[in-house]
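Asker: Dumping the structure here so I can ask a few things about it.
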Amino acid sequence: MTCARLEVVIEAEKQAARDLIREKRKDRALLALKKKKVQEKLLQKVDVWLINVEQQLADIELSSKKKVVFESLKAGNGAMKAIQSELNLDDVQKLMDDTKEARAYQEEINAILGEKLSADDEEEILAEFENLEAQLTVQDLPEVPTAALEEEEEKLDLPNVPTKAPVDSNMTADDNNEEVSDKVPEKRKVMEEPLPA
């Protein structure tokens, strides 16, 4: 691309200026640096031009999309107007009235033929429905296992509950004579105290 070529030329001019400085050719080195500067300015201009071109391409793409949206809206509006021109409000109202009359006529025929249910019949049907629904709900409940609980109770081998108060093995014979209920071991006192909240 143009930018890459310009960068190569700029680097070449820079290298040429270095070489000329080593050779002690000041005037030629300055000329090479001037060429390099001109190329750098040209590179900056090319960058600006590229940015402008990219912006213009983006604007064209956006305008193209806007045009597609506009054309779609225009086509949709035209189609809706065409459909509405085919429908007359009086015709729609007449059709709705005719449908209502046809439905009323059918209900009259059903009433004459006895197909229509009375309010009492409707209530009986609703009560029967609720009864069937309750029966199905009860049938769907899982059975409570009773045999398994009895077997578990039989299998448990628990120790008997103690009937006497525990005796501290550290107590002496004199201590045994004192009433046990008056002297509560320190451990037990601590355990009986409520825990702080």
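Asker: Under 28 Å between alpha carbons: how many lysine pairs meet that in the range 28-74, if sequence neighbours fewer than 8 apart on the same chain are excluded?
Answerer: Numbers: Lys34/Lys45; Lys35/Lys45; Lys36/Lys45; Lys37/Lys45; Lys65/Lys74; Lys66/Lys74.
Counting lysine pairs in the range 28-74 gives 6.
Asker: Multiply the residue separation of Lys45 and Ile83 by 0.36 nm, subtract the distance between their alpha-carbon atoms, and state the gained length in nm to one decimal.
Answerer: Result for the pair: 8.0 nm of gain on full extension.
Asker: Tell me, in nm to one decimal, what length is gained between Ala119 and Val161 on full extension, where the rule is 0.36 nm per residue of separation less the Cα-Cα distance?
Answerer: Here the segment from Ala119 to Val161 would lengthen by 8.3 nm.
Computed from the coordinates by the stated procedures, all read-outs in this text should not be read as laboratory data. In this text, all values refer to a predicted model and were calculated from it rather than measured experimentally.
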